[in-house]
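Asker: My questions all concern the structure below.
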Amino acid sequence: MNIILVSNRFAKARSVTVTGTHLAALAMLVAVLFVAAVLTAQYAIVRFQPGWMGTEMRDWLASAHEVEQQKQEAFMRKSLDTLAMRLGQMQAQVMRLNGLGARLAKLTGMKPEEFSFDKQPAQGGPYLPSALHQQVSMSSMEQQMADLNAMLSDRSDKLVALETLLMQDKLSKKLLPSVPPIRDAWYSSNFGWRIDPFTGKNAMHEGVDYMVPEGTPIHASASGMVVYADAHPEYGNMVEIDHGNQVVTRYAHASKLLVKVGQMVKRGQEIALSGSTGRSTGPHLHFEVRYKGIAQNPVRFLEKASS
């Protein structure tokens, strides 16, 4: 009986001890929640009621906002400066291409009105805006400008190469016999085999003869350097011009020479006056074209130039 009473008392004491522990934990939880509520209220006051902030807090927030705004403005200025620099480079390249295009149009014989490089190209069409996700961003614009800049540089290099080729072709044409040495004249004797007027035998005629009155102006058939300007036993007063690439022209039987050895002459320039000096039966011009020292038919050069 005594044992039973002792057990009951121990159980009651244990029950009281457990209940006190729970109450202490509950009190601690209430305190923590109270502190959290106070801190939350203070944060809300600071966050949503700036007027209740302290002076130091307001100054700190204003300074942080100003620093962030300055960073954004500096980034925008740097981006704009970069775009402006690239835009200036592209404008310079476009101006260079405009000038180059005008020169190419002139070299190829195009009409100026066909390619007006100083005018903006005509554009038009309906307005179809793009979706929001397709709007141009700063990074995509920079990439497009970089691609366009690279394309302009590539086109410029290729057009310069084309201009060089066209100028070389034009220069080579100037150095080939392409202008008749006598204007408004006819051939009295062609290139090839013929009966020699002095011997009556078959002989090779290495040029063409222009039947003209004495004193008729003789013109250089192409640009070059005078390598001979003197009397010759058979050609009479003769001018010989070296046009480069082993091409030489001869102008014989002149009555007067107007150029000297070593002188540079242009295509169509007057170099002598026709006559009947040397091995000649009358006033005329004997005209020859030689390549690598071998006589060529001058008519072929003149016909090719005229075509």
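Asker: Within the group Val247, Val289, Val265, which residue is touching a residue at least 60 places away in the same chain (Cβ under 8 Å), open to solvent by less than 20 Å² (accessible area, probe 1.4 Å), in contact with a Ser or Thr (Cβ under 7 Å, 6 or more places away or on another chain) and not polar (S, T, N, Q)?
Answerer: On the way: Val247 fails: in contact with a Ser or Thr (Cβ under 7 Å, 6 or more places away or on another chain); Val265 fails: touching a residue at least 60 places away in the same chain (Cβ under 8 Å).
Sole residue among the options that is touching a residue at least 60 places away in the same chain (Cβ under 8 Å), open to solvent by less than 20 Å² (accessible area, probe 1.4 Å), in contact with a Ser or Thr (Cβ under 7 Å, 6 or more places away or on another chain) and not polar (S, T, N, Q): Val289.
Asker: Please go through the range 217-260 and give me each residue that is assigned to a loop (DSSP other than H, G, I, E, B) and more than 21 Å from Thr281 (Cβ to Cβ), ordered by number.
Answerer: We begin by selecting, within the range 217-260, every residue assigned to a loop (DSSP other than H, G, I, E, B); these are 220-223, 233-235, 243-246, 258-260.
Across the range 217-260, the qualifying residues are Ala220, Ser221, Ala222, Ser223, His243, Gly244, Asn245, Gln246, Leu258, Val259, Lys260.
Asker: Here's something else I'd like to know. So which of Leu273, Leu302 ends up being modelled with pLDDT of 90 or more and open to solvent by less than 60 Å² (accessible area, probe 1.4 Å)? Write out each step before concluding.
Answerer: On the way: Leu302 fails: modelled with pLDDT of 90 or more.
Answer to the check: Leu273.
Asker: Across the range 247-274, what is the total count of residues that are of a type in the set (Lys, Arg) and over 15 Å from Leu176 (Cα atoms)?
Answerer: From the range 247-274, those of a type in the set (Lys, Arg) are 250, 256, 260, 266-267; that's our starting set.
Narrowing the set further to residues that are over 15 Å from Leu176 (Cα atoms) leaves 256, 260.
Of the residues in that region, 2 qualify.
Asker: Would you point out the residue of the range 78-111, among those that are open to solvent by 100 Å² or more (accessible area, probe 1.4 Å), farther than 20 Å from Leu152 by Cα and within 22 Å of the chain's Cα centre (by Cα), that is modelled with the lowest pLDDT?
Answerer: Let us first name the residues in the range 78-111 that are open to solvent by 100 Å² or more (accessible area, probe 1.4 Å), namely 78, 81, 85, 91, 95-96, 103, 106, 111.
Then drop every residue that is not farther than 20 Å from Leu152 by Cα, which leaves 78, 81, 106, 111.
Going one step further and asking which of them are within 22 Å of the chain's Cα centre (by Cα), we end up with 106, 111.
Working: Lys106: 70, Lys111: 63.
For the range 78-111, the residue satisfying everything is Lys111.
The values are calculated or read from the model by the stated rules, or taken from the named source; none is laboratory data. It should be emphasised that the depicted structure is a prediction, and the values quoted were computed from it without experimental measurement. Cβ sites come from the backbone with ideal geometry, for glycine too, and all protein chains shown count toward neighbours. The area values use the complete protein model at the heavy-atom level, side chains included, leaving out ligands, DNA and RNA. Shrake-Rupley method; radii C 1.70, N 1.55, O 1.52, S 1.80 Å.
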